[in-house]
Amino acid sequence: MLSHQAIHAIGAAVYLVFCALFLWLRGIPRTNPGAGWWATALLFACAGHVEYLLQLLSDAGPPTEAVYAALKVLEAACLVAGMIRCFRLSFDLRLVALASFAIEAWIWLGLLHGATPDSRGLTLVGVSVLVQLATAWIALRFRDELNARWMTVAGAASLLLALHWALVYPIIAWFPVWSSRGFLLGVGLTLVQYFALLAALLRSFQQRLLLAESSALDMAFRDPLTGLNNRRYMNSLFDNALLLATRPHHLVAVLCIDLDDFKSINDQAGHMAGDEVLKVVAERLTHATRSTDICARLGGDEFVAICTQLDQPEQAHAIASKLLKALAEPIVAAERAWAMQASIGISFYPRHGHTLTELLEHADRAMYEVKHAGKHGYRIYPEQAMAGG
């Protein structure tokens, strides 16, 4: 069995390492505010173990034992303050500070008036039981707001610590050797508690990084105005995503869509009205295509619809007609209804090309043929123009 000196030396060293880890987390922007409080709690815990170790080595009297009790009270106060700040509870931290001040005063006044170490020990037991129960309740009650698994572990460790503190004196009275073993158990449970809190913060930090990465990728691949995919998305994923989604003997149709006379909206009603029109156009393109299709905005008033899993070229005729009909419905912007029309050019994979660049180029040529022929219609490269729907 480890001696008291070894237990406190190891405890102080491990607490110092945990304190450094919490301080490191505290330095990361927008980190949970509980990290700083728990780092402070661990600093007090480390100081308490050092103080107790010095007491054992020097066989000091009651003043040194009172310092240990005072440090443990400060650790408990910072632990529960960290839980309150971690979950942004409305409890006033000034009440925690006031209670800590009152308990510290009680410890030192008792020392001045000759109170026995047992009275300070019972005070420390009462404070520790209440703080551990409060910590357990907060950890379990709000565990889903941080990381449910690790906060459950922290809550369970806190409950065991509350039970440990409540039973420590009765057990020692019946089983004196428990003085050493119980101390080791308390240190172990405290380390489990702080490890679980640290793991919960790290998991939360990991989730934050994953969300930030997902958001960055989404921003990189989406048009900020309409929410549609952009050219970068198509260039990055066309070969992998679209060709894998197409079975043998199926076609992929690339539709280049350009709004007719869109510039007049910006000239007459301003760019804000034009932006509103583009948003509505994007919604209509999405609704008029299938779930297996991809709609994208190339820029300005140019859009692309990539239609996969087509059995026959005639299906592209139906899709283009549906798009023309949907876009022809008036769009209200700047207190005015705008009658929109569009020109559409269509190319097929693999008939008209094997790369997205080739398919877009051929669809774009077909679209400009529609423009030159009078607008509002569609053309399949290099077939003849078809009337608008």
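The values are calculated or read from the model by the stated rules, or taken from the named source; none is laboratory data. From a predicted model like this one, the values you see are computed outputs, not experimental measurements. Note that we place each Cβ from the backbone using ideal geometry, even for glycine, and neighbour counts take in every protein chain shown. What goes into the accessible areas is simple: the full protein's heavy atoms, side chains included, and nothing from ligands, DNA or RNA. Shrake-Rupley method; radii C 1.70, N 1.55, O 1.52, S 1.80 Å.
Some observations on this one:
- Probing with 1.4 Å while keeping every protein chain in the model, the per residue accessible area of the range 1-140 equals 49 Å².
- Summed residue charge, Cβ within 12 Å of CYS46's Cβ, Lys/Arg positive, Asp/Glu negative: -1
- A cut-off of 5 Å between modelled amide H atoms, ignoring neighbours fewer than 5 places along the same chain, links ALA342 with ASP260, HIS376, GLY377.
- Cut-off 13 Å between beta-carbons: net charge of the residues surrounding ARG203, Lys and Arg +1, Asp and Glu -1: +1
- Highest average packing first - 23-29, 38-44, Cβ atoms within 10 Å: 38-44, 23-29
- Distance from the alpha carbon centroid of the range 142-220 to that of the range 285-299 works out to 48 angstrom.
- Directionally averaged shadow of the range 1-160, computed from the convex hull of its alpha-carbon atoms, nm²: 10.1 nm²
- Along its three principal directions, the equivalent ellipsoid of the chain from the Cα gyration tensor extends over semi-axes of 74, 22, 15 Å, largest first.
- Inter-label distance for ARG351 and ALA148, nm, one decimal - labels placed 7 Å from Cα along Cα-to-Cβ: 5.2 nm
- Whole-Å distance, taken between Cα centres, linking the range 302-357 and the range 62-96: 66 Å
- Distance between modelled label sites at HIS287 and ASP311, nm, 7 Å Cα→Cβ extension: 2.8 nm
- Each residue of the range 39-51 was assigned a 3J(HN,Hα) from its phi angle through the Karplus curve 6.51 cos²θ - 1.76 cosθ + 1.60 (θ = phi - 60°); the sequence is 4, 5, 4, 5, 5, 5, 5, 4, 4, x, 5, 5, 4 Hz, with glycine and proline shown as x.
- LEU23/ARG232 FRET efficiency (R0 51 Å; Cβ-Cβ; nearest 0.05): 0.80
- Between ILE171 and LEU93, the FRET efficiency from the beta-carbon distance, with R0 = 25 Å, is close to 0.15.
- Listed by chain and number, the lysines placed with their C-alpha closer than 25 angstrom to that of LYS371 are LYS263, LYS279, LYS322, LYS325; residues fewer than eight positions away on the same chain are left out.
- Phi-based couplings in Hz for the range 314-327 (Karplus 6.51, -1.76, 1.60; Gly and Pro marked x): 4, 5, 5, 4, 5, 5, 5, 5, 5, 5, 4, 5, 5, 6
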